[in-house]
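Trainee: This structure is in structure tokens; I'll ask about it shortly.
The values are calculated or read from the model by the stated rules, or taken from the named source; none is laboratory data. This structure is a prediction, so every number in the text was calculated from the model and none was measured. Ideal geometry is used to build each Cβ from the backbone, glycine not excepted, and the neighbour counts take in all protein chains shown.
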Amino acid sequence: MSTVKLTVNGKAVSVDVEDRTLLVHVLRDHLNLTGTHVGCDTSQCGACVVHMDGKAVKSCTMLAGQADGSSVTTIEGIAKGDELHPMQAAFRDNHGLQCGYCTPGMIMSAIDIVQRHHSQGSGGQLDEATVRQELEGNICRCTGYHNIVKAVLDAAGRMKVAQAAE
Amino acid sequence: MGVEGIGARVVRKEDKRFITGKGRYVDDIKLTGMTHAHFIRSPHAHAKVKKIDSSAALKMPGVVAVLTGQQLVDDKVGNLICGWAITSKDGSPMKMGAWPAMAPETVRFVGQAVAVVIADSKNLARDAAEAVVVDYEELPAVADMQAAIKAGAPQLHPEAPGNQVYDWVIGDEGATDAAFAKAANVVKLDVTNNRLAPNAMEPRAAIADYDAAEEHFTLYTTSQNPHVARLVLSAFYNIAPEHKLRVIAPDVGGGFGSKIFIYPEEMVALWASKKVGRPVKWTGDRTEAFLTDAHGRDHVTHAEMAFDANNKITGLKVKTYANFGAYMSLFSSSVPTYLYATLLSGQYNIPAIHAEVIGVYTNTTPVDAYRGAGRPEASYLIERLMETAARQLKVDPAQLRRTNFITQFPHQTPVIMAYDTGDFNASLDAAMKAIDYAGFAARKAQAKSQGKLRGIGVSCYIEACGIAPSKAVGSLGAGVGLWESAEVRVNPVGTIEILTGSHSHGQGHETTFCQLVADRLGVPISQVSIVHGDTDKVQFGMGTYGSRSAAVGLTAILKAMEKMESKAKKIAAHALEASEADIVIENGEFKVTGTDKAIAFPMVALAAYTAHNLPEGMEPGLKESAFYDPTNFTFPAGAYICELEVDPGTGKTSFVNFVAADDFGRLINPMIVEGQVHGGLAQGIGQALLEHAIYDANGQPVTASFMDYSMPRADDLPSFNLSHTTTLCPGNPLGIKGCGEAGAIGASAAVINAITDAIGKNDLEMPATPDRVWRTIHAA
Ligand code: FES
Ligand code: FES
């Protein structure tokens, strides 16, 4: 057993877990943050993606201990109160989800994609091919990705506007 | 239509919980005192279970029980059933091999459960499972269908000699033979329809909770049809009577058919929860999904099509072998028979058809309905035949289709189905225009100058949906009726709850069903909520599959709405001192037509519940229900055209354009309909290019993870170019045909027709991986 200290969605937490415990299970089982999902056992599907210190990680592929001391953001932590994150709003507005199971991981990956491209100073221009390629690690069985890609491109625009306003 | 009525692109009501991480799937639920189940599964494709030694496991900390198949037998828990009886051509019933939820004696596929460990946590259950020693005696196994039917092949079930489930026929053999005898041309084709793993992203899961004082069970499960689950669990498995079993299917993360069936795990969880006296949870992992979720497709077919001198089809002969895996899953028997062979006429006038389907047992995971279920196999076969014929007869493939299109409706095919309506030329026109079919030759030449092989492929599919008229399916062997139920509950404040037997696992019912109510009453959809997925709340229902929720489920809601509105009008007329015939419903008000007298809907609702001033003899309250049984199947149809390029150096395929022109009848929410098509197309394209569930000769699965089974990813697919043509379905008052499966039914033939067009060789099997395409290009 080890004690793992994390900041999750802005709140400091400390959990005692077996050493073999994965980050995703700390989130789901210990902290009741069940928005982060498990869709595979081989690190392929991305249903479990969260942000650790601002970067997208697959929480099924990381021991909780490896995350000790870091700041984790999950799907439950990206809206500001009632105000959805632009990526959440874009998924809804573009019908980028059906059963919703892949959605939290998709949204967390997509935010990371957009943020990286915006900060690369490439004018922040994301195109369809790039979005499709960067979503490689997230599997959706429902949407055929068409509307997910649309949502990400839409959100990229919204996030840029939001960034400019800040 | 109003901003939220029928035909409006309303953003989904259910999305908020999903995008904020507040969906509630089975694995998200925790009950007090809950234990965790881990199944011990056979590593062999065929073996005798000699002995199970759980003594060491039982001594481990946190282990509550280790239960085996023999205990299921001792407790008289029933075997799994197949709910559709098929009769062979010799009049004998299909041969059912017994399928116990955990095998007491013999395992017949890798992944079949033999025992279950129940422990305080998932990890403890897994640890203890390692300590259970199962002594197997390996038996020879057979995974390949052709090998399984050969003399001397390993035999799976004593009940099924030669590993044959049935040998079933449909159509007129004499008339078909006569057509071939007179044919000007005969086109022959052998095709394999590759086995697929459904892979809904949420793995299956179950939580069973037994209340000893009430002798009552609650089951939370990943089901597309909780009432059917309860019915089967009660009527056949001897676990609990229906009134003592509540089945809840909360948010479900995709189904595609695989969550229709009742699986061993939920049966065992229920039974075990009573045995251990605590709630039992089981959540499958992805490997278990590959091993135990019913697979799809897996046909090998030889077909011949006869043409007269004018290129009109005169006959079709089909012989199909269908792999059922080791056991007959719940609806498996109907898939290669009544869901497949009845669609072999496609969109074409074919005077004579004869088909024979031989069902085969193999030492593989059971096969059942997967998105489209039989109809993709039929459509793929017919559309590859049409393309092959066009090449052989040297006519344009679109023109050959037009020459043979059915243009008069209703149209009785020689294989049971009576198509009610359609306009196949219209959808083909729309697709050809969208892809600029006329300009293709120039684009092909241009691509050639850049060293690329460009191809175009057409696929004109038809499917039978809105499953199904109960009487008709009953006469064909179905064990259930396929109507749907609905209840409209108006609350005293005028808000509305719609209870439906349909189940949403991604389809957006919480939005589209509200749109019907908004359309009829003019109330905002925020005033309406949809209740589904709980047998304690909804009286009964048949669930969601076969593109039936709108055509059947929504029609049931319409019928209940009509009853409710009729009563409400009487109340309004009474309150307004007008004649009921003069009452019209507009913008949430009941108005006396031609006057300014009106009463708001909530006031009508309140009047129904205060009952202070109701018409003489009227019962208080405002709640109505309806059961709707369709009169016919519905027949969505359309034309898909795929344009792509093949790199002859690598065999890699790249999409240039994919157009889909569908006729689904009336659309309730075009945005959601398009989403259904996108998802279906992805699964059809996945089958054509990527997906294949493979077994080695000994029955070991070699594609049991996402590392080995190629799921379509975002960069494997193009954006799609969709359009709609419309002929309203005459079979239901809303004119709806259904849209859930079309993409998966029509897409694969379009892709393979395009690749074979590009490479100039017709003999190419799915999945058309770069390796396979390259070899085909370079084959002598
Ligand atoms: S659950 Fe983490 S990648 Fe699939
Ligand atoms: S929305 Fe169902 S898996 Fe993506």
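Trainee: Going by what's in this entry, would B:K623 be described as basic (K, R) and either crowded, with 18+ Cβ neighbours inside 10 Å or not assigned by TED's automatic domain parsing to the domain that holds B:A744 (or both)?
Mentor: Considered against the rule, which asks whether it is basic (K, R) and either crowded, with 18+ Cβ neighbours inside 10 Å or not assigned by TED's automatic domain parsing to the domain that holds B:A744 (or both), B:K623 comes out as yes.
Trainee: Hey, which of the helices (runs of 4 or more DSSP H) in segment B:425-541, taking only ones fully inside, have at least 1 residues that are among the hydroxyl-bearing types (S, T, Y) and farther than 30 Å from B:F633 by Cβ?
Mentor: Once the helices (runs of 4 or more DSSP H) in segment B:425-541 are filtered for at least 1 residues that are among the hydroxyl-bearing types (S, T, Y) and farther than 30 Å from B:F633 by Cβ, what remains is B:440-449.
Trainee: Any residue that is within 21 Å of A:T73 (Cα to Cα), more than 14 Å from every other protein chain (Cβ to nearest Cβ) and more than 16 Å from ligand 1 (Cβ to nearest atom) - is there at least one of those in segment A:148-156?
Mentor: Yes, some residue in segment A:148-156 is within 21 Å of A:T73 (Cα to Cα), more than 14 Å from every other protein chain (Cβ to nearest Cβ) and more than 16 Å from ligand 1 (Cβ to nearest atom).
Trainee: Of all the residues that make up segment B:694-719, how many are surrounded by 18 or more Cβ atoms within 10 Å (Cβ to Cβ), over 15 Å from A:T143 (Cβ atoms) and not small (G, A, S)?
Mentor: Final tally of qualifying residues: 4.
Trainee: Do we have A:G100 as within 12 Å of ligand 2 (Cβ to nearest atom) and more than 9 Å from chain B (Cβ to nearest Cβ) here?
Mentor: Values: within 12 Å of ligand 2 (Cβ to nearest atom): yes; more than 9 Å from chain B (Cβ to nearest Cβ): no.
So A:G100 does not fit the description; no.
Trainee: Here's something else I'd like to know. Can you go through B:M102, B:M201 and tell me which one is part of a loop (DSSP other than H, G, I, E, B), within 25 Å of B:D53 (Cβ to Cβ) and touching a residue at least 12 places away in the same chain (Cβ under 8 Å)?
Mentor: That would be B:M102, the only listed residue that is part of a loop (DSSP other than H, G, I, E, B), within 25 Å of B:D53 (Cβ to Cβ) and touching a residue at least 12 places away in the same chain (Cβ under 8 Å).
Trainee: Looking at segment B:118-126, can you tell me whether even one residue there is assigned to a loop (DSSP other than H, G, I, E, B) and crowded, with 19+ Cβ neighbours inside 10 Å? Explain how you work it out, then say what you get.
Mentor: Going residue by residue through segment B:118-126, those that are assigned to a loop (DSSP other than H, G, I, E, B) are B:120-121.
Retained after the next criterion (residues that are crowded, with 19+ Cβ neighbours inside 10 Å): none.
The answer is no, given that none of the residues of segment B:118-126 is assigned to a loop (DSSP other than H, G, I, E, B) and crowded, with 19+ Cβ neighbours inside 10 Å.
Trainee: Okay, next question. Taking interchain pairs and intrachain pairs at least six residues apart, which have beta carbon atoms under 7 angstrom, with the first residue in segment A:78-97 and more than 7 Å from chain B (Cβ to nearest Cβ) and the second at pLDDT below 95?
Mentor: A:P86/A:R158; A:P86/A:M159; A:P86/A:A162; A:A90/A:R158
Trainee: Please specify each residue of segment B:752-767 satisfying the condition of being in contact (Cβ under 8 Å) with a residue 24 or more places away in the chain, surrounded by fewer than 24 Cβ atoms within 10 Å (Cβ to Cβ) and within 29 Å of the chain's Cα centre (by Cα).
Mentor: Passing the criteria: B:T756, B:E765, B:P767.
Trainee: Of the residues B:A749, B:A780, which single one is surrounded by 24 or more Cβ atoms within 10 Å (Cβ to Cβ) and either outside the structural domain of B:A551 (by TED's automatic domain parsing) or within 22 Å of B:G651 (Cβ to Cβ) (or both)?
Mentor: After applying the criteria, what remains is B:A749.
Trainee: Name the single residue that is nearest to ligand 2 (Cβ to nearest atom) among those in segment B:248-271 being hydrophobic (A, V, I, L, M, F, W, C), more than 14 Å from every other protein chain (Cβ to nearest Cβ) and buried (at least 24 other Cβ atoms within 10 Å of the Cβ).
Mentor: B:I260
Trainee: Could you tell me which of the residues A:G121, A:G69 is modelled with pLDDT under 95 and surrounded by fewer than 17 Cβ atoms within 10 Å (Cβ to Cβ)?
Mentor: Criteria check complete, one pass: A:G121.
Trainee: Could you list, in sequence order, the residues of segment A:28-49 that are at the interface with chain B (Cβ under 10 Å from one of its Cβ atoms), more than 16 Å from ligand 2 (Cβ to nearest atom) and of a type outside the set (S, T, Y)?
Mentor: Of everything in segment A:28-49, those that are at the interface with chain B (Cβ under 10 Å from one of its Cβ atoms), more than 16 Å from ligand 2 (Cβ to nearest atom) and of a type outside the set (S, T, Y) turn out to be A:R28, A:D29, A:N32, A:L33, A:D41.
Trainee: Right, something else. Which of the helices (runs of 4 or more DSSP H) contained wholly in segment A:60-144 include at least 3 residues that are within 14 Å of ligand 1 (Cβ to nearest atom) and not assigned by TED's automatic domain parsing to the domain that holds A:A12?
Mentor: Hits in segment A:60-144: A:103-119.
Trainee: Somewhere in segment B:160-177, is a residue under 30 Å from B:I248 (Cα atoms), touching a Lys or Arg at 6+ places or on another chain (Cβ under 8 Å), of a type in the set (G, A, S) and modelled with pLDDT of 95 or more?
Mentor: Step one: filter segment B:160-177 for residues under 30 Å from B:I248 (Cα atoms), giving none.
No, there is no match, as no residue in segment B:160-177 is under 30 Å from B:I248 (Cα atoms), touching a Lys or Arg at 6+ places or on another chain (Cβ under 8 Å), of a type in the set (G, A, S) and modelled with pLDDT of 95 or more.
Trainee: Restricted to segment B:687-717, and to residues that are within 13 Å of another protein chain (Cβ to nearest Cβ), assigned to a loop (DSSP other than H, G, I, E, B) and touching a Leu at 6+ places or on another chain (Cβ under 9 Å), which residue is nearest to B:A431 (Cα to Cα)?
Mentor: B:L717
Trainee: Could you count how many residues in segment B:556-601 are in contact (Cβ under 8 Å) with a residue 24 or more places away in the chain, surrounded by 16 or more Cβ atoms within 10 Å (Cβ to Cβ) and within 44 Å of the chain's Cα centre (by Cα)?
Mentor: Qualifying residue count for the region: 17.
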